Structure formats: structure tokens, C-alpha cells
Amino acid sequence: MSMPAVDCLLTRKRLVYVAGLVREAPPVLGALLGLDMLHDTAGSLNFSWPDRMLPWLSLVKADLVVLWRRVSQLRDMPDPAAQPGQWFCFVCQWPHQWKQIVDKLVFFESACAAAVPIASPGIDLPAKHQCLECNLEFRSWKALALHNRVKHGCRTELRRYIGGDGICPHCCTHFGSRLAVVRHLSDPRRVLQCREFVLPGQVI
């Protein structure tokens, strides 16, 4: 059996680590990381994601969403992006079960995957990247995309279909931000399945 992707292993480690922080971190450390929890009179955790999060906390939020989507045992839980309090309650009350659930998370897609050659079936990309509007040529697709945005006001349609959770809707790989997902889907050097899933039949 293949080893899970490094992204999967990192996600597991973060989810176990944040569980320990929620249960045992000193209040000062919790506040520093944006995990300052408030207990209500019933003993439940009252927590919502801050408007401005540290990058680490954004990763934790995305990790919880990945776990929720991929582990069927958690289907009855609310969306952690919208209602994190119930998740952190679970972490505090059932630490052993939490570790077992996190260990069930397995995926093989990785943001670290090497770029693949351009030669994909049915796609004929020019060696030089030429603007279809003014015929200028550029050394890379990134330079061409920037030119199209600045000079011709052309913006990718992909942005309309990508949420703010930083997760690719096809491969469910976590990229940390919406912009990074758009870059992942727009890169013609990479495998096209994700882009075809979002915009079937369109070559960017």
C-alpha cells in the first residue's frame, strides 16, 4: 500500500497538535495563536474563527474541513469552517477517539507534486506564450497571464468557482488560500483533471 502524501501526514500532525493546545495550552499561548476559548455556563466551548487569522490557524481551519469531508465518521458534525466550537468540544471531551479519527485521514494528492510535461492529450500549447489579443510573446504562462490581466482586463473564470477555504474542489488538496487554489488550477504545466472538473471543456 502506498504511503499517504506528505500533505496528509502534516495535516494529521497539526490536528493532533491543535487538540493538545485546545486542552492544555496556557491561556497566553492560546490567545497568541488565536485559540482563546470561552466556556459558557453549560461548560461548552464558545469559539469562532477570528476575522484575521495567523497563517497557522488558517491551516488548522482548512485541515478540519479536509477531515470532515474525507472521514465518513464525522459526517454528522457541522461544517468546521462555520461552527468550530462543537469540534473543539469534541477534541476536549474525547481525546483518544479524536486521535483515532485523525489517523483514518488518508490521501495521496500533494501540493509538492512535481510539475508534469506539457504534452497532455488534446492540448497543444505553443513553446512561446503568445497573447491572442496583441500577439506579444512571453517567456512563461505566468507573464502572459499577468499581461492579460493588466493590459486587456482578462481575468480567469476559475475565480468564480473557488471558495475561501483554500481547498481544491476536485483533489481536495489544501493550498492555504483562495489565490493559491486559482494558481493551482490555472497552471498549464500541471495535470489538467482539477481544471477540467471546475471548468469542463475549457483550456486556460
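What follows is calculated from the coordinates using simple rules that are stated; it is not laboratory data. Quick caveat: nothing in here was measured; it's all calculated off a predicted structure. Here Cβ is always computed from backbone atoms with ideal geometry, including for glycine, and neighbour counts include all displayed protein chains.
Quick one: count up the residues across the range 1-30 that are hydroxyl-bearing (Ser, Thr, Tyr) and over 14 Å from the mean Cα position of the chain (by Cα).
Initial filter on the range 1-30 (hydroxyl-bearing (Ser, Thr, Tyr)): 2, 11, 17.
Filter once more, keeping what is over 14 Å from the mean Cα position of the chain (by Cα): 2, 17.
Result for the range 1-30: 2.
For the range 77-105, enumerate the residues that are of a type in the set (A, V, I, L, M, F, W, C) and under 19 Å from PHE175 (Cβ atoms). First the steps, then the outcome.
Taking the range 77-105 as the starting set, the residues that turn out to be of a type in the set (A, V, I, L, M, F, W, C) are 77, 81-82, 87-92, 94, 98, 101-102, 105.
Once the filter is applied, which keeps residues that are of a type in the set (A, V, I, L, M, F, W, C) and under 19 Å from PHE175 (Cβ atoms), the range 77-105 yields ALA81, LEU105.
Pull up the range 52-86, narrow it to residues that are aliphatic (A, V, I, L, M) and assigned to a loop (DSSP other than H, G, I, E, B), then point me to the one that is surrounded by the fewest Cβ atoms within 10 Å (Cβ to Cβ).
Filtering the range 52-86 for residues aliphatic (A, V, I, L, M) gives 53-54, 57, 59-60, 62, 64-67, 71, 74, 77, 81-82.
From what is left, the residues that are assigned to a loop (DSSP other than H, G, I, E, B) are 53-54, 71, 77, 81-82.
Numbers: MET53: 14, LEU54: 13, VAL71: 16, MET77: 15, ALA81: 16, ALA82: 9.
Among those that are aliphatic (A, V, I, L, M) and assigned to a loop (DSSP other than H, G, I, E, B), it is ALA82.
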